[in-house]
Amino acid sequence: MNIVVLAKQVPDPEAFVEIRGEGARLEIEQKFATNLFDEFALEEALRIREKQGGKVKVITMGGGKATEVLRTGIAMGADEALMLDDPAFADGDGYATALALSKAIQKAPFDILLCGKQATDDDRGEVGPMVAQFLGLPHVGGVTKLDIADGKAVAECPIEGGKEIMEVPLPAV
């Protein structure tokens with residue numbers, strides 16, 4: 001089972017913030033971390049690999065400090081890490097990010113692609129569904145439980161008053 005996990009660098013929610021100048025300005029420590037929801041996706045990928053074998057690859061975009069996202073992924077147990085780094089990616093929106101990621105992802109075969117439900121810095125949750133669209137693959141979002149068997153993924157998603165069980169063929173996002 002080849003698993004790809006998308007991970008984003010975001011401002012660290014635990015960074016030090018100090019109010020200065022009689023409350024006139026904030027001094028914020030420039031500290032970054034891996035998006036928490038993407039860490040959850042990586043943990044799920046590692047559980048799947050433990051049960052089914054295979055490899056886990058973490059992919060991120062950006063340069064410099066984004067290297068820490070890959071280091072975190074490897075430290076958590078990922079087998080491979082890939083950084084997409086180009087000045088053209090600077091200040092790209094979700095569409096541009098999803099397009100660049102999908103072009104890189106389609107270069108190597110995979111069975112399932114996991115990503116967090118949203119990034120903690122913008123809360124839009126748009127890149128995963130757009131990557132799925134660019135790759136022409138089924139997408140299930142907001143997954144709280146995932147089982148992989150017989151070439152398909154069975155995902156449990158919360159809905160108002162209950163849960164929804166969805167089954168999609170692999171590969172999927």
Restricting attention to region 88-97, does a residue exist that is under 16 Å from LEU46 (Cβ atoms), surrounded by fewer than 20 Cβ atoms within 10 Å (Cβ to Cβ) and either charged (D, E, K, R) or modelled with pLDDT of 95 or more (or both)?
no
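A quick yes/no check of all residues on (1) under 22 Å from GLN9 (Cβ atoms); (2) of a type outside the set (Gly, Ala, Ser); (3) assigned to a helix (DSSP H, G or I):
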position	(1), (2), (3)
ILE59	yes, yes, no
ARG71	yes, yes, yes
TYR95	yes, yes, yes
LEU99	yes, yes, yes
ALA104	yes, no, yes
GLU156	no, yes, no
ILE165	no, yes, no
Scan region 109-121 and tell me whether some residue there is under 17 Å from the mean Cα position of the chain (by Cα) and free of Cβ contacts under 8 Å to residues at least 40 places away in the same chain.
no
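Looking at VAL173, VAL154, VAL143 in this structure, which one is surrounded by 19 or more Cβ atoms within 10 Å (Cβ to Cβ) and of a type outside the set (S, T, N, Q)?
Numbers: VAL154 fails: surrounded by 19 or more Cβ atoms within 10 Å (Cβ to Cβ); VAL143 fails: surrounded by 19 or more Cβ atoms within 10 Å (Cβ to Cβ).
Just a single option satisfies the conditions, and that option is VAL173.
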(1) over 22 Å from ARG47 (Cβ atoms); (2) modelled with pLDDT of 95 or more: which one isn't true of GLU126, the others all being true?
(2)
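The values are calculated or read from the model by the stated rules, or taken from the named source; none is laboratory data. Predicted, not measured: the structure shown is a model, and the values here were computed from it. Please note: Cβ atoms are built from the backbone with ideal geometry, for glycine as well, and neighbour counts cover all protein chains shown.
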